[in-house]
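Here's the structure, in structure tokens; my notes come after.
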Amino acid sequence: MPSLLTLLLLGAAQAQQPPPAAPAADEQPPPLLEAPALVDFVQAPYPPEAEAARVEGTVLLLIEIDETGAVTGVEVLQPAGSGFDEAATAAARQFRFSPAVDETGPVPVAIEFAYGFELAPEEPAPAAPDPATLPVNLEGTLVEMGTRVELAGYDVLAVLPDGTIESATTDAGGRYAFRGLPVGPVTVRFVAPDYQEREEAITLTAGEVTDLKLWVKNLSYRDNEIVGVYQKKREPEITRRTLSVEEIRRVPGTFGDPVRVIQNLPGAARGPFGTGLLIIRGAHPEDSNVYVDGGEVPLIYHLGGYRSVINAAFIDSVDYLPGGYGVRYGQSTGGVIDVQTSDDYPERPELTWRTDVLDSGFFYTQRVGADQDVGLAASARRSYIDAFIPLFTAGTGFVASPRWFDYQLKVGDADDDPSGSWSVFVFGFQDKLFLSTPDDVAQGNDPDTQGDVSARYETHRLVLKCAQELGGDWSFMVQPALGYDAIQAGLGSSIELTQGFTTLDTRAELKWEPGDALALTTGLDSAITRYQIDFTLPFFPTEASFDPLAEREPYSDTVAGWFFTPDLFVDARWRPLGGTDRLLINPGLRLSTLKIGSSNFIADVDPRLALRWQLTETTAIKGGTGLYLQPPQGQEFGLNEDQLTVTFERGWSSELGVEQRIAETGQIDLTGFYKDLDRLIVDNLEYEDPETDPLYVNEGIGRIYGMEIMARKSLVDSWFGWISYTLSKSERNAYPTRTAEEGNEWVRFDFDQTHILTAVGGYRLPRDFEVSGRFQYVTGNPYTPFAGGVYDIDAQDYTLYPSADTNSERLPAYMALDLRADKLFTFKRWQLEVYTDLLNVIKGENPEQVDYNYDGTERRYITGLPFIPSVGFQADITF
């Protein structure tokens, strides 16, 4: 708007009176006594064109005023243009003045008037307020559905009605906040590659703060969690297989158990009847050791081999080491499985419940304490197969009652302090089996071998662990474990065997790491075991008569004693190429020891050397060689602990392999291996007098050789899979220094399986459906054929005689296809997974054993498991 006009009124000397008649030339008008004064001013509108062009101007007007002060005429003396002249003239015509007065009274006059047009100065735009000073009117938390994890570092978007988009980034607690959003409707959006897109429409109200918890769904829960063989700061082994949790959970027939998956990896042969016996690289099951948190346990599977004795939710990693492992492990010539339990405890309490056709169980974990610096985890399971079997055997008189339970409890350090940690872990399990036949079904001619069959075995452990940085380059770890193992077997009322073992294991390690190039660890792997064996027989063991009519005297005895294995080891990890993993040289030395009761202390040395060379970013060569010693086991101690007559069995094991990574998700692992065995413990052929002759001698030898290959596609998109193939040969010669008639011959080992092929694959479908499958082909186990029998009148039974050499024939190959389908439902605070395992959908003949008739003239195969559908669910709840 233009400002008030500047009024220029000329003085009396400038005023003119219009004469009524022309005066004489020398006549002057009388002077004014009062000049006209502007009484009513009219504002002229600013011409729009001039205002738009930011033009100003002044128009000089001549205004005629009559004796009443009214304007009677307006003339432009000095124009300004741009519409100013017209606007000024029109406004001036509406002016009103007070009359001009001279000595005669009011008189008309004419005056000059300057009408100015000025633009008002532009007011500066108000400064935008500092966003940090605006009040928050929309805030909330970004939370992952199912797990209730607060998502940090993600952007949340606010879309305004005009299309404007504001963003806010979540903090460490998943919180986001918007300041000064306009009131009214707003759409809150979340878009991220790993999550399902989420939108929520809300309305903001003036003076109020809206709090919105935004629940978002992960597109792949538990993806890329590594289990099986890798942990941070873990030293590499020569051969270590790697699988993710997602892969493990999807392998049909494993019931989601990480330890069961080992049976699908290279070097792991198939156990009979799916029992889960650990047959690694052609070794006997008793030649491979199983550890839980570094402490040895006698068994890792429940009855039937379907479940490991540690709840899968408790397992952080599983090291599967088929060979070439370091001196940290000893007392075995086969492979090693080391199960590590988790030391991670979530911020929120979590509960997992799992139920299927085998068992039901729970896993619970949380943090406790005033500072939430102590972690707690607990688990328990119980099978109910014994409740289902009577549904199929009702009325037959046959009773089969297998059942198991296990438990785990762990309390540990949860403050993530790298300088030290501690934990207390208690776990155990018990398996029972009871078999009974009808009274009219004989189990042979000998009445002392008839009756109900029972078996029970159990393990309980208390494991303490303390790890501490000592300052400088030194660190220390000590882990004592107190355990009890028991095995009981009975047949009828005349035969019973009970074994009990109380063990104190101690593992201690002192590590010196002066830099990246060298790490030196010295350690103690010790076990003190007290054993007691009680047995009852219907006859004296060395005078057994199989004549059912012969007179017998019951015999009972107890064998008790103790043994001690204080093994020491030194392990070096040298990285000569600037301390990088491009070249790792791993020499080690272990002192294997054994002390049984008052017998002589025996000891031997295990030297080992391993090497891993990273040729390129995608190619690595690995190799290793070393000596592995195994002490006598079980009955090989003999009946008198003071007369130990055998020493360590020995195996010299070597391997060479290459690993090739293909793109980001593919890998091929090829390994060749050879193992030379000697000093194997075998029966003493010259045993006659129990007082002077040993039951066993170290005469046997063996050889195992072959190759393994694994081609794998990791689970990083919609599918995963691997093909595992093992070609191997395992042979034994029990008496190489004797004549052929005495047993000097190479024979196939009982668990020799030439070809082991496993193919596993899974695919993730839309809407959280997944399908997977497993195909397995395995060469049949060798066996010794029989062609008849000789009747023993006293025993009233046939003694079968072989028709060919020992283990000269094989069972037909095993072949089976398993399928699995599962669906994941995700809710705000919990998840539900339902699944179906279809085992042996397609199967071959799959014989597990040869069964002969009474005189050995006819035979038939005892086949493996039939088609088994397994339906189950798992619920994961976050509190």
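Heavy atoms only, probe 1.4 Å: what % of the accessible area of the chain goes to carbon and sulfur, would you let me know? Mind showing how you got there, number by number?
Details: 24390 of 42290 Å².
Carbon-and-sulfur percentage of accessible area, whole number: 58.
Based on DSSP, what percent of beta bridges with both residues in the chain are antiparallel, to the nearest 5?
Among the beta bridges of the chain, antiparallel pairing accounts for roughly 95 percent.
Using the heavy atoms of the protein chains and a 1.4 angstrom probe, tell me the accessible area per residue for segment 549-604 in square angstrom. Show your work: numbers first, answer last.
On the way: 2910 Å² over 56 residues.
Solvent-accessible surface per residue comes out at 52 Å².
Rounded to the nearest 0.05, what FRET efficiency is calculated for TYR861 and GLU686 with R0 set to 35 Å and r the Cβ-Cβ distance? Intermediate values should be presented prior to the final figure.
On the way: r = 38 Å, r/R0 = 1.08.
The value I calculate is 0.40.
Return the ratio Rg/(2.2 N^0.38 Å) for segment 262-376, where Rg is computed over Cα atoms only. It would help to have the intermediate numbers written out before the result.
Working: Rg = 16.7 Å, N = 115, 2.2 N^0.38 = 13.4 Å.
Expressed relative to 2.2 N^0.38 Å, the Cα Rg reads 1.25.
Find out how many positive minus negative residues lie around ASN137, taking Lys and Arg as positive, Asp and Glu as negative, among other residues whose Cβ is under 10 Å from that of ASN137.
Values: positive: ARG179; negative: GLU139, GLU208.
It works out to a net charge of -1.
How would you order 63-70, 282-289, 258-265, 157-164 from highest to lowest mean count of nearby Cβ atoms within 10 Å?
Working: 63-70: 17.2, 282-289: 21.5, 258-265: 23.5, 157-164: 12.2.
Going from most to least packed, we get 258-265, 282-289, 63-70, 157-164.
Can you grab the distance from the C-alpha centre of segment 767-802 to the C-alpha centre of segment 84-110, Å, no decimals?
Between the Cα centres of segment 767-802 and segment 84-110 lies a distance of 133 Å.
Using the Cα centre as the reference, give the magnitude of the dipole from point charges on the C-beta atoms of the chain (Lys, Arg: +1; Asp, Glu: -1; all else neutral), rounded to the nearest 20 debye.
Details: 68 positive and 131 negative charges, 337 e Å.
Rounded to the nearest 20 debye, it is 1620 debye.
If I model a spin label at LEU757 and VAL841 as a point 7 Å from the Cα along the Cα→Cβ vector, what separation in nanometres do I get?
About 1.9 nm, to one decimal.
For a quick check: with amide H placed at 1.01 Å from N, whose amide H comes under 5 Å from VAL149's, ignoring anything fewer than 5 positions away on the same chain?
GLU144
Starting from the Cα-Cα distance between ARG93 and VAL39, subtract it from 0.36 nm times their residue separation and give me the gain in nm to one decimal.
Working: separation 54, 0.36 × 54 = 19.44 nm, distance 1.31 nm.
That works out to 18.1 nm of additional length.
For segment 738-788, count the residues as N, evaluate 2.2 N^0.38 Å, and divide the Cα radius of gyration by that value, please. Show your work: numbers first, answer last.
On the way: Rg = 21.3 Å, N = 51, 2.2 N^0.38 = 9.8 Å.
For segment 738-788, the normalised Cα radius of gyration comes out at 2.17.
For the peptides 614-623, 704-713, what is the packing order when you average, over each peptide's residues, the other Cβ atoms within 10 Å and list the highest mean first?
Working: 614-623: 14.6, 704-713: 19.7.
Listed from highest to lowest mean packing, they are 704-713, 614-623.
Please compute the per residue accessible area over segment 136-202 with all protein chains in place, 1.4 Å probe, rounded to a whole number of Å².
On the way: 3200 Å² over 67 residues.
On a per-residue basis, segment 136-202 sits at 48 Å².
On average, how much accessible surface per residue is there in segment 752-863, in Å², for a 1.4 Å probe, leaving out ligands, DNA and RNA?
Details: 5720 Å² over 112 residues.
That works out to 51 Å² per residue.
Contact order normalised by length for segment 643-739, with contacts defined as Cα pairs under 8 Å and 6 or more residues apart; what percent is it? The partial results should precede the final answer.
Numbers: 202 pairs, mean separation 25.4, N = 97.
Here the relative contact order equals 26 percent.
Rounded to the nearest 500, what is the 222 nm mean residue ellipticity of the chain from helices alone, with -39500 (n - 2.57) per DSSP H run of 4+ residues and division by all residues?
-1000 deg cm²/dmol
Could you order the peptides 514-527, 308-321, 813-826 from most to least packed, using the average number of other C-beta atoms within 10 Å per residue? Show your work: numbers first, answer last.
On the way: 514-527: 16.1, 308-321: 22.6, 813-826: 19.0.
Listed from highest to lowest mean packing, they are 308-321, 813-826, 514-527.
Identify which of the listed values of Kirkwood radius over Cα pairs in Å was calculated from the structure shown: (1) 34.9; (2) 29.7; (3) 27.4.
(1)
Rounded to the nearest whole Å³, what is the per residue volume of the convex hull around the Cα atoms of segment 676-797?
Residue-normalised Cα hull volume stands at 231 Å³.
Tell me, what is the percent relative contact order of segment 257-345, built from C-alpha pairs under 8 Å that lie six or more residues apart?
On the way: 156 pairs, mean separation 28.1, N = 89.
Answer for segment 257-345 is 32 percent.
Give me Rg over Rh for segment 66-212, both radii from the alpha carbons and Rh done the Kirkwood way, two decimal places. Intermediate results must be reported in sequence, preceding the final value.
Values: Rg = 33.6 Å, Rh = 21.8 Å.
Reported Rg/Rh, Kirkwood definition of Rh: 1.54.
Shape verdict for segment 774-879, please, from the Cα gyration tensor: rounded (a/c under 1.5), prolate (a/b greater than b/c) or oblate. Before the final figure, lay out the partial values.
Values: a/c = 4.66, a/b = 3.03, b/c = 1.54.
Here segment 774-879 falls in the prolate category.
Tell me the Kirkwood hydrodynamic radius of segment 29-146 in angstroms, computed as one over the mean inverse distance between distinct C-alpha pairs. Could you put the intermediate results ahead of the total?
Working: mean 1/r = 0.0547 Å⁻¹.
After inverting the mean inverse Cα-Cα distance, the result is 18.3 Å.
Using Cα pairs under 8 angstrom and six or more residues apart, how large is the relative contact order of the chain, in percent?
On the way: 2303 pairs, mean separation 68.8, N = 879.
About 8 percent, as a whole number.
The values are calculated or read from the model by the stated rules, or taken from the named source; none is laboratory data. In this text the structure is predicted, and so the values were computed from the model without any measurement. For neighbour counting, all protein chains shown are included, and Cβ atoms are generated from backbone atoms with ideal geometry for every residue, glycine included. These accessible areas exclude ligands, DNA and RNA; they are computed on the full protein's heavy atoms, side chains included. Shrake-Rupley method; radii C 1.70, N 1.55, O 1.52, S 1.80 Å.
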